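To start, the structure itself, in structure tokens.
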Amino acid sequence: MEIIKNASLKALNTFGVNASTQYYAEIHNLDDIQALLEWKAQHDLPVLLLGGGSNLLFKNNFDGLVAKICLAGKERIEEDDNFTYVSAAGGENWHKFVRWTISQGYAGLENLSLIPGTVGAAPIQNIGAYGVELADHFHSLQAVNLENGDVLEFDKAHCQFAYRDSFFKRYGLDKLLITSVTFALPRHPQWKIDYAGVRDALEGKQPNAERISNAIIKLRQHKLPDPEVIGNAGSFFKNPILSPEKWQALREKYPELPGYQQADGRIKTSAAWLIHHCGLKGYRKGDAGVSEKHALVLVNYGNATGKELCSISQEIIAAISDKYEIFLEPEPRIVV
Ligand code: EPU
């Protein structure tokens with residue numbers, strides 16, 4: 001494991017924030033994981049595990065070691081009557097993995113096309129889009145406990161998946177290094193094309209995994225700013241989940257407010273709608289702003305600092321709280 005001192009993080013976070021880290025290393029194999037365990041034992045400094053850098057915001061420079069997970073490899077493991085089991089290493093690019101499953105004739109992950117990030121990071125926030133979330137097709141994962149080197153296996157129940165949430169967030173980030181994830185992909189898939197826009201994007205063609213994936217790619221490219229062009233980390237806030245009473249009260253005042261019934265009786269509403277109807281879509285302060293394309297996405301127009309992006313997020317939280325008495329929660333990890 002090669003350790004680089006005073007490394008720039010600018011190219012390693014999709015916000016393009018110009019932060020730096022005291023130490024930087026890449027984890028390519030088991031020997032590197034062993035070296036990381038040793039480094040941790042010898043240094044009283046924090047370690048940050050980095051995937052694609054697409055769901056985090058560096059508010060400051062990092063005083064510790066940033067370890068980028070570059071573990072590679074993917075394979076079909078086995079098949080039974082209902083599922084094909086496919087596994088990928090934690091450092092694999094999520095979208096490339098999704099397209100690989102489709103090219104092999106496997107379905108299930110097509111609605112999750114073009115989500116930035118890595119396979120290993122995907123379970124941590126239970127990535128989701130267009131009516132599907134990772135938990136729907138998850139089978140198990142392997143992780144190394146960086147506190148004692150133990151190799152652990154987590155099945156679905158252990159992961160405690162919820163909306164943009166999992167056991168791993170609650171246990172504490174950077175304590176478990178996810179080395180590989182296994183998916184159970186249905187051999188008789190039920191296509192999910194009812195989410196707004198998906199059916200139209202299929203342009204009347206019979207759905208299959210590849211066509212749905214292409215439709216999702218088109219939708220995302222149309223609706224979301226491309227992090228290659230303008231720095232961002234996707235949705236910056238979670239969609240708030242409201243009690244039925246709170247929802248009723250808001251709906252009377254704002255009849256257009258979108259709402260999605262949850263299994264537990266609560267209603268998930270749209271943070272993008274709230275921000276948009278607060279007049280903040282396209283709001284900009286220096287190089288930090290709210291995307292003109294999508295109100296839920298904060299963007300870096302060039303040289304915004306992590307602090308400036310945090311400050312704009314605080315302004316949004318305050319405006320939404322004042323107008324609707326709803327407290328928005330940031331979705332990406334904010335590294336302070
Ligand atoms: N809307 C506005 N203004 C906007 C954009 C959207 O008012 O500028 C309203 C519209 O009424 C729309 C509703 O918000 O119907 C929902 O918008 P959208 O379908 O884009 O979904 P979202 O709830 O804003 C979530 C995920 C996205 C995911 C999409 C599609 C979260 C936090 N975000 O966004 O995930 O791609 O659904 O399924 O749940 C991400 O996590 O980074 C991400 C992009």
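Determine the gain in length on full extension of the stretch Glu210-Glu252; use 0.36 nm per residue of separation and subtract their C-alpha separation, reporting nm with one decimal. Walk me through the numbers before you get to the answer.
Details: separation 42, 0.36 × 42 = 15.12 nm, distance 4.16 nm.
Taking 0.36 nm per residue and subtracting the Cα distance, the gain is 11.0 nm.
Go through Lys169/Lys323; Lys40/Lys96; Lys175/Lys307; Lys253/Lys323 and tell me which ones have a Cα-Cα distance over 20 Å in this structure.
Cα-Cα > 20 Å for Lys169/Lys323; Lys40/Lys96; Lys175/Lys307; rest within.
First check a/c for the chain, with a ≥ b ≥ c the square roots of the eigenvalues of its C-alpha gyration tensor; if it is under 1.5, answer rounded, and if not, answer prolate when a/b is larger than b/c or oblate otherwise.
Details: a/c = 1.68, a/b = 1.12, b/c = 1.50.
Verdict is oblate for the chain.
Between Ile3 and Lys192, how many nm apart are label points set 7 Å from Cα along the C-beta direction?
For the pair Ile3/Lys192, the computed spacing is 4.2 nm.
Please work out the Cα center distance from the range 209-284 to the range 97-155, rounded to the nearest Å.
22
Evaluate the distance, in nm, between pseudo-label points positioned 7 Å from the Cα of His276 and of Asn29 along their respective Cα→Cβ axes.
Modelled inter-label distance: 5.0 nm.
Can you tally the net charge around Phe58? Count Lys and Arg as +1, Asp and Glu as -1, for every other residue whose Cβ sits under 11 Å from the Cβ of Phe58. Could the numbers behind the result be given before it?
Numbers: positive: Lys10, Lys59, Lys307, Arg333; negative: none.
The answer is +4.
Expressed as a rounded percentage, what relative contact order does the range 74-219 have, with Cα pairs under 8 Å and six or more residues apart? Walk me through the numbers before you get to the answer.
On the way: 283 pairs, mean separation 42.6, N = 146.
Normalised by residue count, the contact order of the range 74-219 is 29 percent.
What is the antiparallel percent of DSSP beta bridges lying wholly in the range 3-69, to the nearest 5? Let's see the in-between values first.
Numbers: 4 of 14 bridges.
The antiparallel proportion sits near 30 percent.
What does the charge add up to near Ile317, with Lys and Arg as +1, Asp and Glu as -1, over the other residues with Cβ less than 13 Å from its Cβ? Each step should come with its number before you reach the end.
Working: positive: Lys238, Lys323; negative: Glu315, Asp322, Glu325, Glu329, Glu331.
Combined, the nearby Lys, Arg, Asp and Glu give -3.
Going 7 Å from the Cα of Gln42 in the Cα-to-Cβ direction, what parts of the range 1-17 have a backbone nitrogen less than 18 Å from that spot?
Of the residues in the range 1-17, 1-6 have backbone N under 18 Å from the label point off Gln42.
What distance in nm separates the simple spin-label points at Gln160 and Ile77, each placed 7 Å from Cα in the Cβ direction?
In this crude label model, Gln160 to Ile77 measures out at 2.3 nm.
Values quoted throughout were computed directly from the atomic coordinates according to the rules given, and no laboratory measurement underlies them. In this text, all values refer to a predicted model and were calculated from it rather than measured experimentally. Positions of Cβ are backbone-derived with ideal geometry, glycine not excepted, and every protein chain shown enters the neighbour counts.
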